[in-house]
Every structure is written in structure tokens, then in C-alpha cells.
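To keep things clear, I will list the structure first and then write my remarks on it.
Every read-out reported here was derived from the displayed coordinates using simple, explicitly stated rules and does not represent laboratory data. This structure is a prediction, so every number in the text was calculated from the model and none was measured. Heads up, the Cβs are rebuilt from the backbone with ideal geometry, glycines too, and the neighbour counts pull from every protein chain shown.
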Amino acid sequence: MTGNGIGRPSGQRRRFLFLKAGHIGVPPFLCPRKGLTQRNTAMKLHFDHALVARLLAHAQAASEHSPTYDQLVDPAFFKAGVSSRHPTGADVDRTKIPAGLMLVDDHGVYLMSNGYPDFSDAEGQGNLVAYAVEADPRTCPDDWYDVKRASFGGDDGAEFLSADTIRKALEATAGSRLWIDVTPAQISCPYLASPKTP
């Protein structure tokens, strides 16, 4: 599966919240189960912990990174001398894009490295991706679209998650699947709270 790396138009940014480990959210929304329904609460999506760690390592090792749509149109990431109102990938300095993962919703919901060149899958095709268990079209052919729509809304897109955000989420979910709460308006990731000082 190759992600398209297209994000939401600027003005439609999500809010990012970080939740303490052990946060009790909406129960897992797994497929195939009883009928899926859309709701306006966060949907907890689960990802293979080891695969996400591999994707993060790829992103951090890369010296260049692919932009999301929001990063593509952000002048902070333009090459020197570029002032286009309609930038293309050629206008972006890939060395200015920070390392991280893209949370992508198109044919399923998945995480992929933003490292450039792409992290090829086992067959050497496209990008290696970590599908959300609940929105994997290979294992949930009848339900993945409903999960995608309930979590992201109807539009396809990609949201950037920083390497630090993913690292903290991996630490907080060690020994289990990494989870991310997603709604069309916000994304929340777990983190370990700092110990309280007496």
C-alpha cells in the first residue's frame, strides 16, 4: 500500500492532545464485530508496536523527509528563494521537514514513515505501512471504510505526528499495541506522566 502523503487544507488542522498512559477512552472498535456506527467520540485505533518502532527508526535515520499537504504549503519548509502561492514538491526543502510518521486515511487508516526515500515493503513496493487493526482493508474488507469515516471523516488525508510524539506513545504502550485516539477534529496519543515529586 502506498500512501499519498496529502493532508488537509491549512485552516482545517487538528488539535493534538497527549493523554497519560492508562487513559480510559472509548472501548476498542475492532472488526469484524457487531454493526459499526459513527459517533462523535474518539475512536481508539490500535497499531502493531514493533512495526511502528521500525517505521519511526526509518524516519529518524533519513536525512530528508516527505511533506504532508500542510507542510507542502508552509513557507517555513520552502527552498531558499521560493515564494510560490501554489507550491509543488519541487519547492520544498526536504531537509527542513522534521522526522516523524504520517497518520494516513485513504484506503484504510495507517501509519507510515515520512523518511525519504520511502521505506519499501517486503516486496519492494511502495511504502511499508502499519495499518490500524480496526481499519485494515486486508483483514476488515467490510468494515474498514466505516472505521475510517468515523475516525477521520469522509476526506482522505495525512496528519504529521512528530518523532517525539511517537516515541512517547511507544514508551507508554510498551508490551501492547500502540493506540491513538482519533476524531475528525483531534488526535490524542498516550504518554507516560513524569513521576510526581514529594
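Going from the residue with the fewest nearby Cβ atoms within 10 Å to the one with the most, R138, R54, R85 rank R85, R138, R54.
Order of 103-109, 45-51 by packing, highest average Cβ count within 10 Å first? If you can, show how the numbers build up before the last one.
On the way: 103-109: 23.4, 45-51: 19.0.
Highest mean packing first, the order is 103-109, 45-51.
Gain in length, Q125 to A61, computed as 0.36 nm per residue apart minus the alpha-carbon separation, to one decimal in nm?
On the way: separation 64, 0.36 × 64 = 23.04 nm, distance 1.99 nm.
Length gained between Q125 and A61: 21.0 nm.
Sorted from fewest to most neighbouring beta carbons within 10 Å, what does the list D156, D181 look like?
Values: D156 16, D181 20.
Ranking D156, D181 by Cβ neighbours within 10 Å, fewest first, gives D156, D181.
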